[in-house]
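Reviewing the structure listed below.
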Protein chains: 2
Amino acid sequence: MKVATRPIPGKSHRHDGELVVVSDDLRSCRRVRDLTLQDVLDSDVTEDDLRPHLAKQEDFVPASAHAPLPRAYQFLDGSAYVNHVELVRKARGAQMPDSFWSDPLMYQGLSVFAAPCAPILGKEDWGIDFEAEVAVITRHVPLGVTAEDAAGYIAYVMLLNDVSLRNLIPPELSKGFGFVHSKPISACSPVAVTPDVLPGWDGRKLHGTLRVDLNGTPFGRADAGIDMTFDFGDLIAHAAKTRALPAGSVIGSGTISNKLDNGPGKTVAEGGAGYSCIAEQRMVETILHGGPRTPFMAAGDHVEIWMEDQSGQDIFGHISQTVETI
Amino acid sequence: MKVATRPIPGKSHRHDGELVVVSDDLRSCRRVRDLTLQDVLDSDVTEDDLRPHLAKQEDFVPASAHAPLPRAYQFLDGSAYVNHVELVRKARGAQMPDSFWSDPLMYQGLSVFAAPCAPILGKEDWGIDFEAEVAVITRHVPLGVTAEDAAGYIAYVMLLNDVSLRNLIPPELSKGFGFVHSKPISACSPVAVTPDVLPGWDGRKLHGTLRVDLNGTPFGRADAGIDMTFDFGDLIAHAAKTRALPAGSVIGSGTISNKLDNGPGKTVAEGGAGYSCIAEQRMVETILHGGPRTPFMAAGDHVEIWMEDQSGQDIFGHISQTVETI
């Protein structure tokens with residue numbers, strides 16, 4: 001099943017929007033009466049349970065959707081692609097301990113999410129960057145769940161743009177309490193998909209090319225199933241070590257990153273998999289040329305993030321965001 | 001107005017519970033039909049708006065209440081009592097930069113909250129500790145709000161026990177991404193109070209003795225209005241620098257701590273204000289005696305946190321938690 005949430009015209013105080021069940025090709029949908037996505041997650045409502053609530057079929061417009069879960073009770077973002085962590089740490093002049101290959105890195109982020117086509121709001125000197133990720137929405141997960149059992153609590157999979165303010169990160173992390181200013185609101189793909197119908201889902205990770213375009217030019221074509229050191233089973237188990245996870249918790253993969261030839265990687269133009277965030281490309285530029293060449297995002301810059309199945313069908317709809325400076 | 005949220009018997013999937021308006025003496029309440037506290041915050045419902053929704057008066061039992069907001073969309077916990085930060089950092093063998101006196105320290109925490117009398121679940125070797133705090137629940141706060149304007153968005157004030165797993169903190173913080181494992185679920189006082197009727201509220205901070213008993217013995221009697229380097233206006237403005245805060249955001253003060261005579265402080269038994277967490281007392285013991293003497297919490301240990309007005313009337317009800325090992 002594919003689901004999305006639409007804003008309700010004239011009812012901006014109904015922040016949770018209205019749930020729709022979306023056709024596989026993202027062209028049509030049926031509104032779900034009386035239930036939000038959070039309600040569905042709270043009560044473990046099945047696809048069969050939803051059927052009596054469905055209104056008549058109508059057109060679906062992915063670009064006008066909200067995030068599937070416009071506000072969640074928890075967002076824990078992992079750094080499952082350790083290659084990315086190693087490169088970004090190098091870019092910050094920080095060492096990466098060897099334990100990062102065995103102990104997942106994870107931070108607690110803002111769990112209110114922006115619509116897929118919402119502007120990215122910020123100041124240019126904050127160093128605005130995107131991070132293209134895969135994220136899962138969980139059912140209630142018991143405290144202390146194992147990685148093996150954890151995957152069974154994944155209710156939906158979606159894409160996520162974890163907006164990062166690079167120039168605010170070093171001073172903030174040096175304070176020792178993690179990210180607040182440097183990780184503002186993230187955006188989600190229009191559609192979230194249940195694992196049973198998700199092409200490329202192997203039970204614990206998603207295989208397939210995560211497509212990232214910057215200003216209309218291919219920037220990233222990394223495969224989400226490659227070089228994922230910690231899969232979603234590992235990430236959920238890590239998250240639940242000392243807490244139960246409430247229904248509707250969002251767990252992010254961290255920036256997708258492929259090491260491939262064991263070198264720093266190549267841009268898409270050079271025939272490589274490119275990068276899923278600007279910071280990583282800048283680090284590679286620093287390694288190769290002595291300094292970064294690609295600037296962070298400026299007013300009007302646009303990032304597009306999506307994924308297609310093997311037939312070219314759009315799976316989640318596009319995250320499509322343009323920077324607006326404040 | 002004083003409000004509380006009660007669990008709904010037999011309806012555990014209704015996680016947001018039912019809202020009640022509580023009498024000033026915490027003895028009686030009236031159920032609010034059709035609205036949760038989150039609904040009230042979403043729509044800026046006033047006390048007058050609530051009146052038609054009130055059911056008949058009945059007894060209120062603070063100990064059976066849930067947290068006022070059992071699940072919120074955001075919890076950002078400050079460290080406003082910088083004296084506490086300095087002592088706890090010393091206890092960890094870490095230096096505190098001078099900037100901490102001008103730039104608030106804040107972390108993003110788990111925004112699902114435990115009932116006031118819920119057990120504290122954990123393993124003894126995690127180093128279980130309490131942190132007695134004041135917290136506010138905000139209305140929707142715009143991005144970039146000033147500290148002066150921020151205080152106007154405070155809807156409710158409550159007490160909070162920010163449970164901390166001390167032995168998990170050093171390895172977790174050394175990873176650089178803040179707290180996940182080491183800050184499990186926090187508990188809230190039974191009752192949240194609007195600023196207009198809150199004794200000791202000066203518009204931006206709360207004055208009065210925060211009472212903390214450990215196993216029935218007075219442990220902390222610090223004044224929440226003393227040595228608060230950053231008030232709630234400062235903390236909210238800090239939180240909203242790069243994000244709007246959704247209605248129902250919880251902003252914590254951090255552990256209440258009084259420096260008083262400029263020394264390390266004294267226990268309540270010695271005539272001092274005591275401490276609002278065990279870690280701070282252990283640090284003072286280390287300074288005075290070369291090592292900590294007070295152990296962290298073990299199975300069966302009990303912490304009680306509350307606040308009284310000048311006539312001895314309980315303001316928020318008691319947080320009253322006992323450790324259960326898992």
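From the list A:L69, A:L87, which residue is touching a residue at least 12 places away in the same chain (Cβ under 8 Å) and not assigned by TED's automatic domain parsing to the domain that holds A:E131?
None of the others qualify; the one that does is A:L69.
Examine segment B:224-232 for a residue that is outside any loop (DSSP other than H, G, I, E, B) and over 23 Å from A:T325 (Cβ atoms), and state whether such a residue exists. First the steps, then the outcome.
Going through segment B:224-232, the residues outside any loop (DSSP other than H, G, I, E, B) turn out to be B:232.
Then keep just the ones that are over 23 Å from A:T325 (Cβ atoms); that gives B:232.
Looking for residues that are outside any loop (DSSP other than H, G, I, E, B) and over 23 Å from A:T325 (Cβ atoms), one finds at least one in segment B:224-232, hence yes.
Looking at segment A:136-172 only, could you name the residues that are closer than 17 Å to A:P68 by Cβ and touching an Asp or Glu at 6+ places or on another chain (Cβ under 8 Å)?
Matches in segment A:136-172: A:R139, A:L159, A:L160, A:N161, A:D162.
Filter segment A:298-318 for residues that are open to solvent by less than 20 Å² (accessible area, probe 1.4 Å) and either assigned to a strand (DSSP E or B) or modelled with pLDDT under 95 (or both) and give the result.
Those that are open to solvent by less than 20 Å² (accessible area, probe 1.4 Å) and either assigned to a strand (DSSP E or B) or modelled with pLDDT under 95 (or both): A:V303, A:I305, A:M307.
Residues are listed down the side, and each one gets a yes or a no for (1) within 13 Å of chain A (Cβ to nearest Cβ); (2) at pLDDT 95 or above:
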position	(1), (2)
B:E148	no, yes
B:G152	no, yes
B:V157	no, yes
B:N167	yes, yes
B:S174	yes, no
B:H181	yes, yes
B:S189	no, yes
B:D202	no, yes
B:L206	no, yes
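Conditions (1) out of contact with any Gly (no Cβ under 8 Å at 6 or more places or on another chain); (2) away from chain B (no Cβ under 12 Å); (3) at pLDDT below 95, marked per residue:
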| position | (1), (2), (3) |
| --- | --- |
| A:F219 | no, yes, no |
| A:D227 | yes, yes, yes |
| A:L235 | no, no, no |
| A:K241 | no, no, no |
| A:P246 | yes, no, no |
| A:I256 | no, yes, no |
| A:K259 | no, yes, yes |
| A:N262 | yes, yes, yes |
| A:G271 | yes, yes, yes |
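Just to be sure I understand the filter: pairs with C-beta atoms under 8 Å, separated by 6 or more residues or on different chains, first member in segment B:153-181 and in contact (Cβ under 8 Å) with a residue 24 or more places away in the chain and on the phi > 0 side of the Ramachandran plot, second member aromatic (F, W, Y) and not in a strand (DSSP E or B). Which pairs pass?
Taking only residues 6 or more apart or on different chains, the pairs are B:G178/A:F177; B:G178/A:F179.
Quick check on segment B:102-114: of everything there that is more than 7 Å from chain A (Cβ to nearest Cβ) and either at pLDDT 95 or above or in contact with a strand residue (DSSP E or B) (Cβ under 7 Å, 6 or more places away or on another chain) (or both), which residue is surrounded by the most Cβ atoms within 10 Å (Cβ to Cβ)?
Looking at the filtered set, the residue picked out is B:F113.
Do you know which residues across segment B:59-73 are touching a Lys or Arg at 6+ places or on another chain (Cβ under 9 Å) and within 13 Å of chain A (Cβ to nearest Cβ)?
Result: B:Y73, single match.
Can we say B:I137 is within 12 Å of the chain's Cα centre (by Cα) and facing another protein chain (nearest Cβ under 10 Å)?
no
Residues that are within 23 Å of the chain's Cα centre (by Cα) and of a type outside the set (S, T, Y): list the helices (runs of 4 or more DSSP H) wholly contained in segment A:1-96 that include at least 1 such residues.
Qualifying helices (runs of 4 or more DSSP H): A:37-42, A:82-91.
Restricting attention to segment A:115-136, report how many residues are in a strand (DSSP E or B) and open to solvent by 10 Å² or more (accessible area, probe 1.4 Å).
Of the residues in segment A:115-136, the ones in a strand (DSSP E or B) are A:120-122, A:128-129, A:132-136.
Those left that are additionally open to solvent by 10 Å² or more (accessible area, probe 1.4 Å): A:121.
Matching residues across segment A:115-136 total 1.
Run down A:V212, A:V250, A:V197 and say which single residue is among the β-branched types (V, I, T), over 30 Å from A:T46 (Cβ atoms) and out of contact with any Lys or Arg (no Cβ under 6 Å at 6 or more places or on another chain). Even if it seems obvious, please write down each step before you answer.
Values: A:V250 fails: over 30 Å from A:T46 (Cβ atoms); A:V197 fails: over 30 Å from A:T46 (Cβ atoms).
Result: A:V212 is the single residue among A:V212, A:V250, A:V197 that is among the β-branched types (V, I, T), over 30 Å from A:T46 (Cβ atoms) and out of contact with any Lys or Arg (no Cβ under 6 Å at 6 or more places or on another chain).
Being within 14 Å of chain A (Cβ to nearest Cβ) and either outside any loop (DSSP other than H, G, I, E, B) or open to solvent by 20 Å² or more (accessible area, probe 1.4 Å) (or both): is that true of B:L210 here?
no
Kindly indicate whether any position in segment A:93-101 is surrounded by 24 or more Cβ atoms within 10 Å (Cβ to Cβ) and either of a type outside the set (D, E) or at pLDDT 95 or above (or both).
No, because not a single residue in segment A:93-101 is surrounded by 24 or more Cβ atoms within 10 Å (Cβ to Cβ) and either of a type outside the set (D, E) or at pLDDT 95 or above (or both).
Residues that are under 15 Å from the mean Cα position of the chain (by Cα) and modelled with pLDDT of 95 or more: does segment B:286-297 have at least one?
As a first pass, look at segment B:286-297 and keep what is under 15 Å from the mean Cα position of the chain (by Cα): none.
Among the residues of segment B:286-297, not one is under 15 Å from the mean Cα position of the chain (by Cα) and modelled with pLDDT of 95 or more, which makes the answer no.
In segment B:6-34, how many are within 14 Å of chain A (Cβ to nearest Cβ), open to solvent by 90 Å² or more (accessible area, probe 1.4 Å) and in contact with a strand residue (DSSP E or B) (Cβ under 7 Å, 6 or more places away or on another chain)?
Residues that pass the stated criteria total 0.
Scan segment A:117-134 and tell me whether some residue there is modelled with pLDDT under 95 and more than 12 Å from every other protein chain (Cβ to nearest Cβ).
No, because not a single residue in segment A:117-134 is modelled with pLDDT under 95 and more than 12 Å from every other protein chain (Cβ to nearest Cβ).
Just wondering, is there one or more residues in segment B:235-256 that are free of Cβ contacts under 8 Å to residues at least 60 places away in the same chain and open to solvent by 40 Å² or more (accessible area, probe 1.4 Å)?
No, every residue in segment B:235-256 fails to be free of Cβ contacts under 8 Å to residues at least 60 places away in the same chain and open to solvent by 40 Å² or more (accessible area, probe 1.4 Å).
Could you tell me which numbered condition A:L143 fails, if it satisfies all but one of (1) in the same structural domain as A:D24 (by TED's automatic domain parsing); (2) surrounded by fewer than 19 Cβ atoms within 10 Å (Cβ to Cβ)?
In the conditions (1) in the same structural domain as A:D24 (by TED's automatic domain parsing); (2) surrounded by fewer than 19 Cβ atoms within 10 Å (Cβ to Cβ), A:L143 misses (1) alone.
Give me the pairs: first residue in segment A:23-39 and without any contact (Cβ under 8 Å) to a residue 60 or more places away in the chain, second residue in a helix (DSSP H, G or I), beta-carbon distance under 7 Å, and six or more apart or on different chains, which are they?
A:V32/A:L50; A:V32/A:H53; A:R33/A:H53; A:D34/A:H53; A:L35/A:H53
The values are calculated or read from the model by the stated rules, or taken from the named source; none is laboratory data. From a predicted model like this one, the values you see are computed outputs, not experimental measurements. Note: ideal-geometry Cβ built from the backbone for every residue, glycine included; neighbour counts use all protein chains shown. Note: accessible area is taken over every heavy atom of the protein model, side chains too, but ligands, DNA and RNA are not part of it. Shrake-Rupley method; radii C 1.70, N 1.55, O 1.52, S 1.80 Å.
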